[in-house]
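Below is one structure, written out as structure tokens; the observations come after it.
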Amino acid sequence: MASPLEQFEIKAIAPIEVGGLDISFTNSSAAMVATLVLGTALLVLGMSRASVVPGRIQSIAEMSYEFIAGLLSDTVGAEGKRYFPFVFTLFMFILIGNLLGLLPYSFTFTSHIIVTFAMAITVFIGVTILGLVKHKMHFFSFFVPPGVPLAMWPLLIPIEIISYLSRPISLSVRLFANMLAGHTLLKVIGGFVFGLGAITFGVGGLLPLALISVLTGLEVVIAFLQAYVFAILTCLYINDALHLH
Amino acid sequence: MSGVGLALRLGVDFVAGVVVGVGIGLLLDWWLGSSPAMLIVFFLLGAAAGTFNVFRTASGQGGAVGFKQARDAETDATDGSDKKRGSNARDDSKSSE
């Protein structure tokens, strides 16, 4: 039987090598391109024939816009509007990538740590630069604990800095672990459908089949939830960087 | 967020602190040739940072890092400025401090 981890294998579709670097167009790249095309198409088609009473696609486009716009104004406030394009792109990319990954025979690029880490480190570096540009040296007061004796500073400041540096790791691992675990679980239970069904003339396969239907629904929820968590944490980090004073 | 989701988040928050601490420790050891002194020191600091992360997540301070937020919340409460800041989760931090 196929390994439940086989679905995460990177396969080159069009091998390209430039100066010893393997930059092949892989199934992961294909999934990302599909996500970009679908996301762009959804928003462009949705708003191309905008009417007062929105149709289905227009509703989806408007709802996702309002969702992220609301998230930003709730967490960051009025200044958050400037960062809307970034957070919205990130949210849509992760959400559509997660959802596309649930289709049979597709590939979930968010189940690769390097993809989620690249996104998280972009957010982290961007937010740090934002804080440094906005507050100059005041940014470092972020790490200084209030009301703590001076003698404790050498201990607490490194802890704060490590805590700050651990942000991109917890941000990326959260998304990656959820997608990896969910998709592995689906494949394992899927294997039970065949394995149990084969020895009991199909009857034993019914229970895991019911379970996998429920789990697929749960995976759709997780796809939304993880995209939301990534977006809201990005908003909180932006808020932290902006409001140090 | 579901119970499993919260548990996973707390776990990841803790491990992330330890990973960064150990990473810094190994890098410093490699650079200074002081193996394993820096690894031990930064493992402990990383574990402390991880515990801090878990505490902040569990006490509803969201993705907060740093003390600035809590200090500002205190001054906001005293001078009564109406500056809009933070989500509901963030507002809880005012009462916990």
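Laboratory data are not the source of any read-out in this text; all were calculated from the coordinates shown. In this text, all values refer to a predicted model and were calculated from it rather than measured experimentally. Cβ atoms come from the backbone with ideal geometry, glycine included; neighbour counts cover every protein chain shown.
Brief remarks on what is shown
- Farthest toward positive dipole pole in the protein assembly as shown [+1 Lys/Arg, -1 Asp/Glu at C-beta], among A:G19, A:T122, A:V53: A:V53
- Short to long, the 10 Å bins of the Cα pair-distance histogram for the range A:4-84 hold 15, 25, 26, 23, 11, 0 percent of all pairs.
- Over chain A, dividing the summed -39,500 (n - 2.57) contributions of all DSSP H runs of at least 4 residues by the number of residues returns a 222 nm mean residue ellipticity of -24000 deg cm²/dmol.
- Proximity of backbone amide H atoms, modeled 1.01 Å from N, is registered between A:F25 and A:I13, A:A14, A:I16 at under 5 Å, excluding neighbours fewer than 5 places apart on the same chain.
- Sequence of B:M38, A:M137 once ranked by neighbouring C-beta atoms within 10 Å, starting from the fewest: A:M137, B:M38
- By the beta-carbon count within 10 Å of each Cβ, the least crowded to most crowded order of A:T75, A:T35, fewest first, is A:T35, A:T75.
- Where N is the number of residues in the range A:143-218, Cα Rg divided by 2.2 N^0.38 Å: 2.09
- Considering only alpha-carbon pairs that sit under 8 angstrom and 6 or more positions apart, the relative contact order computed for chain A is 24 percent.
- Size descriptor, Kirkwood hydrodynamic radius, that averages inverse alpha-carbon separations across the range A:83-136, Å: 12.6
- For the pair the range A:62-124 / the range B:4-42, the C-alpha centres are spaced 28 Å from each other.
- Fraction of alpha-carbon pairs over 28 Å apart in chain A - percent: 48
- For A:M47 and A:M137, the difference between the fully extended length at 0.36 nm per residue and the C-alpha to C-alpha distance is 28.0 nm.
- The angle between the Cα long axis of helix A:153-165 and the longest principal axis of the Cα atoms of chain A comes to about 40 degrees, rounded to the nearest 10.
- In chain A the longest region clear of trypsin sites (Lys or Arg not before Pro) that are loop-assigned by DSSP and have at most 11 other C-beta atoms within 10 Å covers A:50-245.
- Nonlocal amide H pairs with B:S59, under 5 Å, H built at 1.01 Å: none
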